[in-house]
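Read through the structure below, which is laid out as structure tokens, and then see the notes.
The values are calculated or read from the model by the stated rules, or taken from the named source; none is laboratory data. As the structure is a prediction and not an experimental result, all values here were calculated from the model. Methodologically, a virtual Cβ is constructed for each residue, glycine included, from the backbone with ideal geometry; neighbour enumeration extends over all protein chains shown.
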Amino acid sequence: MSKAPLLWLAGILAFIGAAFFCYKWIYMGYPVIPGTTADLWQIEVKVNFDARDRGIKASLFVPNNSSNFAILDENFVSRGYGLTTQRENGNRRAVWSIRTASGSQTLYYRATVERFTASEAENVLREPPETRDHGFEGAEFEVAKDILQSAQQKSADLDTLVAQLVRLANNPDDENMSLLLDGNESLEARINIITRLLALSYVPARVIHGIELTDQRRQTDISPWLQVFEKDRWRAFDPQTGQAGLPDNFLVFWQGRQPLIEVNGGDNAKADITTLKLEREAVEAATARTGFMSPVLQGMSLQSLPLSTQQVYEILLMVPLGAFLLVIMRNFIGLKTFGTFMPVLIALSFRETQLIWGIILFTVVVGSGLMMRFALERLKLLMVPRLAAVLTIVILLMMAISILTNHFGIESGLSIALFPMVIITMTIERMSIVWDERGAGEAINQALGSLVSAALAFMLMSNSYLEHLFTVFPELLLVLLALLLLMGRYTGYRLLELRRFKVLAEPTRPSTPDSV
């Protein structure tokens, strides 16, 4: 068969992939080196609740422009709902409403925020302080005065006063503070007591809620902080240590004691917040080129998907790279493995167990399962019941290893539950068949080849540079596909076969006639 169609197809795929890569790199400004990021984040809030077949009004606190952060872009996803934004007491709310809804409901809020530099933050006006009644009466009032007086005696300024109050609020042995807390030991309750004590001394204070933006691509929780007004600005204090100053990447969502999400007409309201740090060059280039960049192309990119889905594809996009390595190991080097893609799947589980522990756990499970498989051989079971029995044994072995390692405090053993149990079952079955048909040496050889391929695939798939490259430029998979198509026509000698056929390469000596 002519190679021309294959060469044309591979060339077209490689050209398309390379063209998209160059376009995004050169014209759109996506970086090819990981770590070239700036203070830019994407935030997604996923709101879930159950509607009771009636009118729904759901309100969510959303971030506001502040002295440290600017909202560059935001989107509200709510099919069939009306949407309004409201401002109250310095906060901003997104309010969704619908006449009738029933069953599980999901709403989304997504925003891109940028942190200001110091010079930009200085130009933002400070908001005035809020007045608040301390609310202490009777015995509580006397106890509050004693606590405040004790803290004032041990402080010299506002910073040290707040530090003293924080120390007392976090002291479980302080009887006066325990009386004011009245059994509520939550962090927000302690902050509320501190704000009331400061109000008793005519110092405006409040609780603020926000998240700390990090490079973690995962869910994050809302954290309450203490804020005290001094002279012409609000100053934040850590409610657990009393240290002044918010972390650099702390984004305030709202201030006050109200919950993040409130739903009228629904139950079981829950809000999950996911953050993702973005490459500044990519976002700035995409924003600057909005006028002439194709909206269809932008809508088909991975960045248009929910953040949780993007996290899944960060792993899936590395699977073809592991398969590419496996093709090299089998077709060019000649390493024998059990199955075609089993080493790649085992390499994925190594991402959680890490390499050394992954090899140990895999060897223990496969070795133990193989012994059980030989024991089942004497029962003369049919293939399907035998595979089901081996699968059950594998799960029992994994559970036993998890319980045992947890008992000895070895946390790495708990991640064995991430092993692909079906693949391990098929590996045990395949290894036992090879053991019976070709001997123990061949079975062990293929098992070692599988482990070596899985280890190399893990090191390749966990490379931070390659992970960044294929996540930002998924079109490179077209180039990889072109290489795989070209490699699929290779029929030459494998590297490990050169020694086997070495004798064929030696020059033959002319034979001499036997002496008579």
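For residue 443, are the conditions met, namely being part of a helix (DSSP H, G or I), in contact (Cβ under 8 Å) with a residue 60 or more places away in the chain and hydrophobic (A, V, I, L, M, F, W, C)?
no
Examine region 357-368 for a residue that is touching an Asp or Glu at 6+ places or on another chain (Cβ under 7 Å) and modelled with pLDDT under 80, and state whether such a residue exists.
Checked against the condition, which is being touching an Asp or Glu at 6+ places or on another chain (Cβ under 7 Å) and modelled with pLDDT under 80, region 357-368 yields no hits at all.
In region 353-398, which residues are without any contact (Cβ under 8 Å) to a residue 12 or more places away in the chain and either within 29 Å of the chain's Cα centre (by Cα) or within 18 Å of residue 421 (Cα to Cα) (or both)?
356, 360, 367, 371, 383, 384, 385, 388, 392, 396
List pairs: first residue in region 468-495 and touching a residue at least 40 places away in the same chain (Cβ under 8 Å), second residue assigned to a helix (DSSP H, G or I) and among the charged types (D, E, K, R) anywhere in the structure, Cβ distance under 7 angstrom, at least six positions apart or on different chains.
Once the first residue is touching a residue at least 40 places away in the same chain (Cβ under 8 Å) and sits in region 468-495, its partners that are assigned to a helix (DSSP H, G or I) and among the charged types (D, E, K, R) give 471/314; 473/24.
Got a number for residues in region 282-334 being within 30 Å of residue 458 (Cα to Cα), under 27 Å from the mean Cα position of the chain (by Cα) and either modelled with pLDDT under 80 or not acidic (Asp, Glu) (or both)?
27
Hey, can you tell me all the residues within region 78-105 that are farther than 19 Å from residue 207 by Cβ and surrounded by 15 or more Cβ atoms within 10 Å (Cβ to Cβ)?
Once the filter is applied, which keeps residues that are farther than 19 Å from residue 207 by Cβ and surrounded by 15 or more Cβ atoms within 10 Å (Cβ to Cβ), region 78-105 yields 78, 81, 94, 95, 96, 97, 98, 101, 105.
Return the only residue of 181, 260, 200, 165 being in contact with a Phe, Trp or Tyr (Cβ under 7 Å, 6 or more places away or on another chain) and over 19 Å from residue 61 (Cβ atoms).
Going through 181, 260, 200, 165 in turn, the sole match is 200.
For region 140-171, give me each residue that is surrounded by fewer than 14 Cβ atoms within 10 Å (Cβ to Cβ) and in contact (Cβ under 8 Å) with a residue 12 or more places away in the chain.
146
Among residues belonging to region 106-128 that are surrounded by fewer than 12 Cβ atoms within 10 Å (Cβ to Cβ) and under 22 Å from residue 89 (Cβ atoms), point out the one that is modelled with the highest pLDDT.
128
Examine region 445-459 for a residue that is closer than 30 Å to residue 30 by Cβ, loosely packed, with under 15 Cβ neighbours inside 10 Å and among the aliphatic types (A, V, I, L, M), and state whether such a residue exists.
Yes, there is a match, as at least one residue in region 445-459 is closer than 30 Å to residue 30 by Cβ, loosely packed, with under 15 Cβ neighbours inside 10 Å and among the aliphatic types (A, V, I, L, M).
For the list (1) over 23 Å from residue 334 (Cα atoms); (2) touching a helix residue (DSSP H, G or I) at 6+ places or on another chain (Cβ under 7 Å); (3) at pLDDT 80 or above, I need the number of the one condition that residue 371 fails.
So residue 371 meets the others, but not (2).
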